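First comes the structure, then the notes that go with it.
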Amino acid sequence: MILKTKYSLLLGLAFYVNGIFAQKVGLVLSGGGSSGLCHIGVLKALEENNIPVDYITGTSIGSLIGAYYAAGYSPAEMEALVKSGFFQQVTKGDMPAKYTYFLKKRDDYASWQSFKISFNTKFINNLPTNVINSVPIDYYLMETFAGVNAYAKNNFDSLMIPYRCIASDVESKETVIFRDGDLSSSIRASMSYPFYLRPIPIGGRLLFDGGLYNNLPTDVMYDEFYPDFIIGSSVAEQTKSPSDDNLYLQLRHLLMTQTNFKPVCENGVLIQPWCDVNIFNFEEAKRLIDSGYVSTMRQMPKIKQCVERMADNEALKKRREIFKKAAIKDSVIFDRVEIHGVNKKQQYFIRSSIFYQNKPFSLSRLKKQYFRLTSDDKIKSVYPIAEKDTNGTGFYKLKLMAKKEKSFFVDIGGNISNRPISEAFLGLQYNHLGRIGFTAYANGYYGKLHGSGHGKLRLDFPARIPFYIEPSITYSRWDYFRSSALFYDFEKPAYLVQQDVFGEMNIGLPLGNTSKVVISGGYAEWGNKYYQADNFTKLDTADASYFDFGYGQISYEMNTLNRKQYATDGTKLHFRAKFIDGAESFYPGTTSLDTVQTRNYPYHTWTQFKLTFDSYIRTFKGFKIGVFLEGVYSSQPFFKNYTSTILSAPAFNPTLESQTLFIPQYRAHQYVAGGLKAITTPWKKFDIRFEGYLFQPITSIVPTNKQKAKYTEPFLYRNFIGLVALVYNTPVGPLSIGVNYYDKNPNSFSFFFHFGYIIFNKKSID
């Protein structure tokens, strides 16, 4: 009897111990945009307290955090990753600076917004479907999970931790559960938040964010894995009732199904961290992770009461090392490219941009070529999938799901200012993608100060070293008025009118991803009408100077600036060497002392070198220092008189307002100049800028009493330009209010307001 009792006790103890060790824990991670970074804090707290995670399911951002963990990333590694500048850029759709392909970048014009149009479809089909550029996210997910997916043989049960994620099929109004297949595509589909990140097709179905129908998939966890205990982490924002004028909330309610945020099994706990941040604000990573950690620690007594089995973190660490070593992305080598979604000629262009001479290439090599390809404005999207060869070769096949961009772009923009420099801008572009890329572009500026038209054709040739050929023609007219717009008298002659007509041929080649070399040649007529005296009347006629010239130049430009105006980050370096040869014609007016008319004489030949450097240094949060340097050397001779000489001389225009003024003191044939910028950002997209520049001519150009030009002694004069401005960077362009200072002028201070871009078509003489 005693022996029988002992046997029963031992058997019962064995069943109890086996029950503890067999106890399985499932972790369910909700969607919620950037708030999903709280999930990392949840994982951090669970690991520190030896709470095992045997299964994981997620939706939207929860699918990404869950996939990291299932693929062997530790909470510390995830925290470092999401705090990195690279992750912040990717989640905004911004291309990391070192991967931007400057050769394919569209030239900067005064455009506020670009509309992409196809005349073969209905108007509604031309509306944009997503806010951010998905290219960086698409590639990042493939790069991160390609090796892991191949090691697991496309089976999510074979990841380090068995994993599920979900997406939404809005056509059939049902949830799609991913158990296998391409891991990166499954995550990407689960994250396709409507109007933010474009949806992707999988298996013939267009899939959206999993959180639309099930934002805390505890039912999926229960049905797929049947764990003993479920830990749910919910960071979903509380859905507000829509008002009659809030289209976003109306659409959201139409699309979304209310989720039950309670674990569905008897044993479960729900963690709800503080996450009151903008849904796309990934910059609050530290606060969110800490919030997830603290919220989990508050629930830890209850979790430990229910979860008696403890994890061995040392064993987990070794398991991670083994899994990650076997699934490293460096082992991903492609030996073929398969392209879908475009015709054969377009496939040739895409393949030639990525795959050369049928030689295998690695992920690291593909990255540069891929971002080069996707920066082409003739291609709307290229979605990458890495598939490992099942024949045992060890190589991968790169599948690219490509889509051609709409054929027509319409750019609308301009500038609105308190000075008479306001103007409207319109640009039109036609794109064609075949074995080579073809672009036809034309724009027009219309304003009191500046009117211009510019047209160009561009042929893009894909190759190991891609290049383009671009012929263009430009006409510009500049009127500089002495009076303000308020008191402008239309009958009063202009102080100065410039007219510039030139044709140019450019050949551009890349020099790395962020820079290019352009070889140019062209022919121009540079004309000026002006008065050589301030006391002219309406009866006077202006002098006219024309310079007809040919030129050749080579330029190098590197540009990683974050904005085309009022930049706060990045670097721009531009060097140009230019040779000019031409003839001057002069037609004297009533204010000229020289009454001799000359045509195509004298001849002028000179060489010009110009270097510009603009860079921004981050010091501490919310404050940056900008450094600006410029130098010019020109062997340019004097023209017929002082005014025509100074009009053709290189100008130093470091501020936006100075580009709209004709100030002789800031022009010289040879000069060095530099400046510093102090920029503080007290609120997002709002900058306060303090800028100061010193202009030092080697020899200044001054007039003689006979209206001729002469040089002064070296370094005799120097001038200062200052600026204080408040800038708000709106989605369509900068809004700025500032005060400019020009020393040694009768009216040194000027108040300046503008909205939009002060960017003009370039001049031939520059």
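Things to note:
- If R0 is taken as 45 Å, the Cβ-Cβ distance between Asp312 and Asn562 corresponds to a FRET efficiency of 0.45.
- Overall dimensions of segment 712-752, expressed as equivalent-ellipsoid semi-axes from the Cα gyration tensor (√(5λ), whole Å, largest first), are 31, 12, 6.
- Relative contact order of the chain: 10 percent, from C-alpha pairs under 8 Å at least 6 residues apart in sequence.
- Computed FRET value (nearest 0.05) for His432 with Phe575, which takes r as the C-beta separation and R₀ as 25 Å: 0.15
- Here the peptides 453-461, 61-69 are ranked by packing, the mean other Cβ count within 10 Å, and the order with the highest first is 61-69, 453-461.
- For Thr568, residues with placed amide H under 5 Å, excluding near neighbours: Asn562, Arg563
- Peptides 72-85, 661-674 ranked from most to least packed, by the mean per-residue count of other Cβ atoms within 10 Å: 661-674, 72-85.
- Across segment 573-581, rounded Karplus estimates of 3J(HN,Hα) from the backbone phi angles (6.51 cos²θ - 1.76 cosθ + 1.60, θ = phi - 60°) give 10, 9, 10, 9, 10, 9, 10, 10, 9 Hz, Gly and Pro being marked x.
- Computed E for Arg179/Ala326 - FRET, C-beta separation, R0 25 angstrom, nearest 0.05: 0.75
- Structure note, pairs Lys564/Lys621; Lys24/Lys367; Lys529/Lys610: Cα-Cα distances above 30 angstrom occur for Lys24/Lys367.
- Helix 313-326 axis, angle to the chain major axis (alpha carbon atoms, nearest 10°): 60
- Whole-Hz couplings from phi, Karplus 6.51/-1.76/1.60, listed for segment 630-647; x for Gly and Pro: 8, x, 9, 10, 9, 8, 4, x, 6, 8, 4, 8, 4, 5, 5, 5, 6, 5
- Hydrodynamic radius of segment 435-481 by the Kirkwood approach over all distinct alpha-carbon pairs: 12.6 Å.
- Pair Ile333, Phe361: separation of 7 Å Cα→Cβ label points (nm): 1.6
- Mean projection area, nm², convex hull over Cα of the chain: 40.6
- Column: log10 I(q)/I(0), Debye, Cα scatterers of segment 171-243, q = 0.13, 0.21 Å⁻¹: -0.47, -1.08
- The listed peptides 467-478, 31-42, 213-224, ordered by packing as a protection proxy, come out as 31-42, 213-224, 467-478 (highest mean of other Cβ atoms within 10 Å first).
- In whole percents, the pair-distance distribution calculated for segment 398-438 from its alpha-carbon pairs, binned every 10 Å from zero, is 21, 30, 23, 16, 8, 1.
- Taking each DSSP H run with n ≥ 4 as -39500 (n - 2.57) and averaging over every residue of the chain yields -7000 deg cm²/dmol at 222 nm.
- Taking all Cα pairs closer than 8 Å and separated by 6 or more residues, the relative contact order of segment 301-412 comes to 28 percent.
- Contour excess over end-to-end distance, with Cα ends at Phe408 and Lys98 and 0.36 nm allotted per residue: 108.7 nm
- Rounded D (µm²/s) - segment 643-755, Kirkwood Rh over Cα pairs, Stokes-Einstein at 25 °C, 0.890 mPa s: 158
Bear in mind these aren't lab numbers, they're just calculated from the coordinates by the rules spelled out. It should be emphasised that the depicted structure is a prediction, and the values quoted were computed from it without experimental measurement. With ideal geometry, Cβ positions are generated from the backbone for all residues, glycine too; neighbour counts draw on all protein chains shown.
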